[in-house]
1. Could you tell me whether segment 326-339 includes any residue that is within 15 Å of the ligand (Cβ to nearest atom) and in contact (Cβ under 8 Å) with a residue 12 or more places away in the chain?
2. Sort out which residues of segment 274-318 are touching a helix residue (DSSP H, G or I) at 6+ places or on another chain (Cβ under 7 Å) and among the polar types (S, T, N, Q), and write them in order of number.
3. Name the residues in segment 86-138 that are aromatic (Phe, Trp, Tyr) and either within 18 Å of Leu180 (Cβ to Cβ) or in a strand (DSSP E or B) (or both), would you?
4. If we scan segment 357-377, do we find a residue that is within 22 Å of Leu250 (Cβ to Cβ), touching a Lys or Arg at 6+ places or on another chain (Cβ under 8 Å) and of a type outside the set (S, T, N, Q)?
5. Please indicate, with yes or no, whether at least one residue in segment 400-418 is touching an Asp or Glu at 6+ places or on another chain (Cβ under 9 Å) and within 16 Å of the ligand (Cβ to nearest atom).
6. Please identify the pairs in which a residue from segment 132-152 that is closer than 22 Å to Leu28 by Cβ has its Cβ atom under 8 Å from the Cβ atom of a residue that is within 16 Å of the ligand (Cβ to nearest atom) and small (Gly, Ala, Ser), counting only partners at least 6 apart or on another chain.
7. For the condition closer than 26 Å to Ala25 by Cβ, modelled with pLDDT of 95 or more, buried (at least 23 other Cβ atoms within 10 Å of the Cβ) and among the aliphatic types (A, V, I, L, M), what is the one hit in Leu97, Leu87?
8. Among the listed residues Leu28, Leu91, Leu87, Leu70, identify the single one that is within 16 Å of the ligand (Cβ to nearest atom), in contact (Cβ under 8 Å) with a residue 12 or more places away in the chain, within 28 Å of Cys150 (Cβ to Cβ) and more than 16 Å from the chain's Cα centre (by Cα).
Amino acid sequence: MNLVVVSNRVARGKPNEPMTGGLAAALLPVVEKTGAIWVGSSGRVRDGNLKEPFAEVEALGAGALAMLDLPAAHYGGYYEGFANSALWPALHSRADLIRASQEDYASYRAVNAFMARALLRFRKPDCAFWIQDYHFLALGAELRDLGVRCPIGFFLHTPWPARAVIGGVPNHRELIEAMLAYDLIGFQTEEDCENFLGYARCDLGLAVHDGFITSQFGRTRAAVFPIGIDPERFAQQATKAMTHPDVSRLRRSLNGEKLAIGVDRLDYSKGLINRIKAFDRMWTVQPNLKRSVSLLQIATPSRGAIEAYGNLQSELAKLVTDVNGVHGEVDWTPIRYLNKGFSQAVLAGLYRTAQVGVVTPLQDGMNLVAKEYVAAQNPADPGVLVLSKFAGAANELDAALLVNPHDIDGMARTIATALAMPQAERQMRWEAMMAKLRTGTIQQWFADFIEALQDAQHSGDSMLPEPPTLWPRRAGDLAARYH
Ligand code: F6P
């Protein structure tokens, strides 16, 4: 099968470059190995004729990466507008933060339509498209409109909320009806899948049986595929990273003190404010823990042009300053707060250095940081994962210390428990979690989805004649394969 994977953000396969977000990090090794072509945004925009998509194509392991310049006129309305100011808050059950205009919706649909036209270039015999994430809910319908009949799957990396919340998104009905053009829709958890099926049944009035929805497009299957990581590869990376200069400097700076670590995009769904308040509470209630543990919080700035993100960044910076001001000493900083990204190669070593990993989102599709933290540990002396029960990862990693991220006192007590946990219990919990990671790897996720996509296709694999050339040719063998 000639597989075309599509996502807004792509990764370029440079191990020493900072990587933003779980999706890009997760897809990279499978695209490299399977020989798929991965199509996404170049991060640049372009004026001019939207009918002529321009892509830069480069090799990526056995596969290829095609990066598209998106239309300048619609980029803001698509990315900062509808995708991240309407869909993202709704998908994370923050209906209060939904902001969207009809112009934003029109831009979102225009970029989905643009991407569909661009994808025709990569259509081949025995081809399948696998669309990723909330940026492209309507892409399958756009492809069908262009006559594409091959299997088209979709995977949502975020949660899917309750009906009442998704109902707060402008044009939700039209958009979700468009999603039914997909043959297969994958979710991270049973709850997400059930919420989606509930909407199809109750709001769209469609027949739903055994995870299959019948609509004007035919049958669409909705099912659960929890995304994983490559735990062995990550463990090797962590061992190697211990000699990386950044990791060595961190270890030297600790002077026997314990370390807790949090690594997140700076996003309101990640529960960063409550996490910092929990540490504040812990040092207040148990002052003996001052100087004996500090928190390294990496919060990589993201979507800075959106008001809610700017507000969060200011609020968080102020809170960290206040907590450091109250609990700090001339020679001790309780919270080391960094607003920048790190490569996977460094993060693996930072995770292995920390005795506690704090992953406490208010809502999260999966949260691969939780899985990476576990995989990075030293089996002889593993750290403890403190994990929000509202992260998708909590379904598998139930041997972590699960917390309610709204309960600040409870989190403070749990972090203290993690710090004091005896080695035998740490090992027992870690082994249970590693066993789960070894069964639910990223390779398995990929294989399971593709197998289900082949089974679920409702329109046969009839290929239409090749489409006309849509963008300028570029030199090079790899690019030529797709022209
Ligand atoms: O959670 C879904 C996801 O795609 C993550 O992989 C990533 O953290 C984020 O959404 C995308 O963020 P960005 O806007 O930086 O591409």
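1. yes
2. Scanning segment 274-318 gives Asn274, Gln286, Ser302.
3. Applying the first criterion (aromatic (Phe, Trp, Tyr)) to segment 86-138 yields 88, 105, 108, 114, 122, 129-130, 134, 136.
Those that are aromatic (Phe, Trp, Tyr) and either within 18 Å of Leu180 (Cβ to Cβ) or in a strand (DSSP E or B) (or both): Tyr108, Phe129, Trp130, Tyr134, Phe136.
4. Yes.
5. Looking through segment 400-418, none of the residues is touching an Asp or Glu at 6+ places or on another chain (Cβ under 9 Å) and within 16 Å of the ligand (Cβ to nearest atom).
6. As it stands, the answer is Gln132/Ser7; Asp133/Ser7; Tyr134/Ala83; His135/Ser7; His135/Ala83; Phe136/Ser7, since those pairs meet every condition given.
7. Selected residue: Leu87, the only one of Leu97, Leu87 that is closer than 26 Å to Ala25 by Cβ, modelled with pLDDT of 95 or more, buried (at least 23 other Cβ atoms within 10 Å of the Cβ) and among the aliphatic types (A, V, I, L, M).
8. Just one listed residue meets the conditions, Leu70.
The values are calculated or read from the model by the stated rules, or taken from the named source; none is laboratory data. This structure is a prediction, so every number in the text was calculated from the model and none was measured. Positions of Cβ are backbone-derived with ideal geometry, glycine not excepted, and every protein chain shown enters the neighbour counts.
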